[in-house]
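Q: There's a structure below that I have some questions on.
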Amino acid sequence: MKTLKYAAAASMLAVALPASAQQLSIATGGTGGVYYPIGGGFAEMINNHIEGAQATAEVTGASVENMGLIMRGDADLALALADTVYQAYNGTDDFEGRQVENIRALASVYPNAVQLVTLAESDIESIADLAGKRVSVGAPGSGTELNARALLEANGVSYDDFTPQRLNFNETADAIRDGDIDAGFWSVGPPTSSILNLAATRDIRLISLSDEEVANAQAEEEVFAPYELAAGMYDGMDEAVQTIGIPNVLVVNSEMDEELAYQLTQLLFENTDELIAVHPAANDTTVKFTMDSTPVPLHPGALRYFEEVGADIPDRLRP
């Protein structure tokens, strides 16, 4: 796997760490989504604030792949969608027979929004109109594909009804722009760079979900919640679009050192402004959001931080 250092120029300004500094790998996603800038921004925060630790952001296939990396100890931290984390921890759905019991959470960082994009000239007005079309459902092993499949199947649409393409965010945007596919799914914190770039070159339309479609999706996945994409989020988007949102969770292996987990959690919540400067999705990085949205138990180090700040910690988050 290729390791990419985020904001290398900025990190050069930091005091050099000793050769024995602990190297931390943060598993993110593709460069066209939000995981990579969020993970890279947090890596820079670690480099600047935690003595004896140095972090890098890794480009990965996102949520599903990231669970395997944490399980095997091939990554120290990872971002993943709440439904993927929940399925991995409980050994259900795509993780049947390979339960990842050693996952622990540090925080829920921000919610994703499922965004279904097509060209403005398209005849696709609803998810039912995907029938017979060429549709990107996300990169293989990504949370986007899990979310797209759950949303579609909850509303009576299967992969047999259209031609699925498994493309990452940048590939999906390019394929829509070039007319190689008719529509594509993103499950990512809005706004995301790949859709912004697509909207700057082609007139696009985001497909809104009906109240019934949202309710059907919630019945399928407990972690789904109604979410509204604000008007003007992307060029040409004149009206708000109703969709569903899913929390994104920062997870670690249960074997992580408790003091390190404590310091990472403290860093995230006491320097959130630095992460917001990297991406506005971090505006949702709050203690309350973590308490309300996290689907698996907290690491003892994170738990210690939340107890210190007086958070109302649900029993389900205690290991």
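The values are calculated or read from the model by the stated rules, or taken from the named source; none is laboratory data. Owing to the predicted nature of the structure, the values given are computational and were not obtained by experimental measurement. A quick note on method: Cβ atoms are made from the backbone with ideal geometry, for glycine too, and the neighbour counts reach across all protein chains shown.
Q: If I go through the stretch 36-56 residue by residue, how many of them are free of Cβ contacts under 8 Å to residues at least 40 places away in the same chain and closer than 11 Å to residue 24 by Cβ?
A: Counting residues in the stretch 36-56 that are free of Cβ contacts under 8 Å to residues at least 40 places away in the same chain and closer than 11 Å to residue 24 by Cβ gives 5.
Q: In the stretch 280-317, how many are surrounded by 19 or more Cβ atoms within 10 Å (Cβ to Cβ), of a type in the set (Val, Ile, Thr) and assigned to a loop (DSSP other than H, G, I, E, B)?
A: So the answer is 3.
Q: Return the only residue of 187, 194, 108, 158 being under 30 Å from residue 90 (Cα atoms) and in contact with a Gly (Cβ under 6 Å, 6 or more places away or on another chain). Write out each step before concluding.
A: Working: 194 fails: under 30 Å from residue 90 (Cα atoms); 108 fails: in contact with a Gly (Cβ under 6 Å, 6 or more places away or on another chain); 158 fails: in contact with a Gly (Cβ under 6 Å, 6 or more places away or on another chain).
Just one listed residue meets the conditions, 187.
Q: Something else: Filtering the stretch 15-45 down to residues that are out of contact with any strand residue (DSSP E or B) (no Cβ under 9 Å at 6 or more places or on another chain) and surrounded by fewer than 17 Cβ atoms within 10 Å (Cβ to Cβ), which residue is modelled with the lowest pLDDT? Before you say what the answer is, go through the steps one by one.
A: So in the stretch 15-45, the residues out of contact with any strand residue (DSSP E or B) (no Cβ under 9 Å at 6 or more places or on another chain) come out as 15-16, 18-20, 30.
Those left that are additionally surrounded by fewer than 17 Cβ atoms within 10 Å (Cβ to Cβ): 15-16, 18-20.
On the way: 15: 35, 16: 38, 18: 41, 19: 41, 20: 51.
Only one residue fits best here, namely 15.
Conditions (1) without any contact (Cβ under 8 Å) to a residue 24 or more places away in the chain; (2) within 22 Å of residue 128 (Cα to Cα); (3) not assigned by TED's automatic domain parsing to the domain that holds residue 82, marked per residue:
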position: 172; (1), (2), (3): no, yes, yes
position: 175; (1), (2), (3): no, yes, yes
position: 178; (1), (2), (3): yes, no, yes
position: 183; (1), (2), (3): no, yes, yes
position: 189; (1), (2), (3): no, no, yes
position: 192; (1), (2), (3): no, no, yes
position: 199; (1), (2), (3): no, no, yes
position: 207; (1), (2), (3): no, yes, yes
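Q: Go over the candidates 275, 298, 264, 229 one by one and state the one that is modelled with pLDDT of 95 or more, out of contact with any helix residue (DSSP H, G or I) (no Cβ under 6 Å at 6 or more places or on another chain) and among the aliphatic types (A, V, I, L, M).
A: Numbers: 275 fails: out of contact with any helix residue (DSSP H, G or I) (no Cβ under 6 Å at 6 or more places or on another chain); 298 fails: out of contact with any helix residue (DSSP H, G or I) (no Cβ under 6 Å at 6 or more places or on another chain); 229 fails: modelled with pLDDT of 95 or more.
Exactly one of 275, 298, 264, 229 is modelled with pLDDT of 95 or more, out of contact with any helix residue (DSSP H, G or I) (no Cβ under 6 Å at 6 or more places or on another chain) and among the aliphatic types (A, V, I, L, M), namely 264.
Q: Say whether the condition of being in contact with a helix residue (DSSP H, G or I) (Cβ under 8 Å, 6 or more places away or on another chain) and at pLDDT below 90 is met by at least one residue in the stretch 75-83.
A: There is at least one residue in the stretch 75-83 that is in contact with a helix residue (DSSP H, G or I) (Cβ under 8 Å, 6 or more places away or on another chain) and at pLDDT below 90.
Q: Moving on to the next point. Under 7 Å between Cβ atoms, which residue pairs at least 6 apart in sequence (or on different chains) link something in the stretch 120-141 that is in a helix (DSSP H, G or I) with a partner that is among the small types (Gly, Ala, Ser)?
A: Listed by first residue and then by second, the contacts come to 130/183.
Q: Can you spot a residue in the stretch 201-219 that is crowded, with 19+ Cβ neighbours inside 10 Å and hydroxyl-bearing (Ser, Thr, Tyr)?
A: No - not one qualifying residue is present in the stretch 201-219.
Q: Still on this structure: Among the residues of the stretch 62-87, count how many are more than 15 Å from the chain's Cα centre (by Cα), in a helix (DSSP H, G or I) and of a type in the set (A, V, I, L, M, F, W, C).
A: Count: 3.
Q: Then there's this: Looking at the stretch 105-122, is at least one residue farther than 27 Å from residue 251 by Cα, in contact with a Ser or Thr (Cβ under 6 Å, 6 or more places away or on another chain) and not small (Gly, Ala, Ser)?
A: no
Yes/no matrix, rows are residues, columns are (1) closer than 18 Å to residue 125 by Cα; (2) assigned to a loop (DSSP other than H, G, I, E, B):
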| residue | (1), (2) |
| --- | --- |
| 156 | yes, yes |
| 173 | no, no |
| 185 | yes, no |
| 214 | yes, no |
| 219 | no, no |
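Q: Look through the stretch 109-141, keep the residues that are among the hydroxyl-bearing types (Ser, Thr, Tyr) and surrounded by fewer than 23 Cβ atoms within 10 Å (Cβ to Cβ), and return whichever of them is farthest from residue 201 (Cα to Cα). Step through it out loud before you land on a result.
A: Pass one, the stretch 109-141, residues among the hydroxyl-bearing types (Ser, Thr, Tyr): 110, 118, 122, 126, 136.
With surrounded by fewer than 23 Cβ atoms within 10 Å (Cβ to Cβ) added as a condition, the list becomes 118, 122, 126.
Working: 118: 13, 122: 16, 126: 23 Å.
Among residues in the stretch 109-141 that are among the hydroxyl-bearing types (Ser, Thr, Tyr) and surrounded by fewer than 23 Cβ atoms within 10 Å (Cβ to Cβ), the one farthest from residue 201 (Cα to Cα) is 126.
Q: Have a look at 83, 93 and point out the one that is within 18 Å of residue 153 (Cα to Cα), of a type in the set (D, E, K, R) and surrounded by fewer than 17 Cβ atoms within 10 Å (Cβ to Cβ). Give the steps one after another, and end with the answer.
A: Values: 83 fails: surrounded by fewer than 17 Cβ atoms within 10 Å (Cβ to Cβ).
Going through 83, 93 in turn, the sole match is 93.
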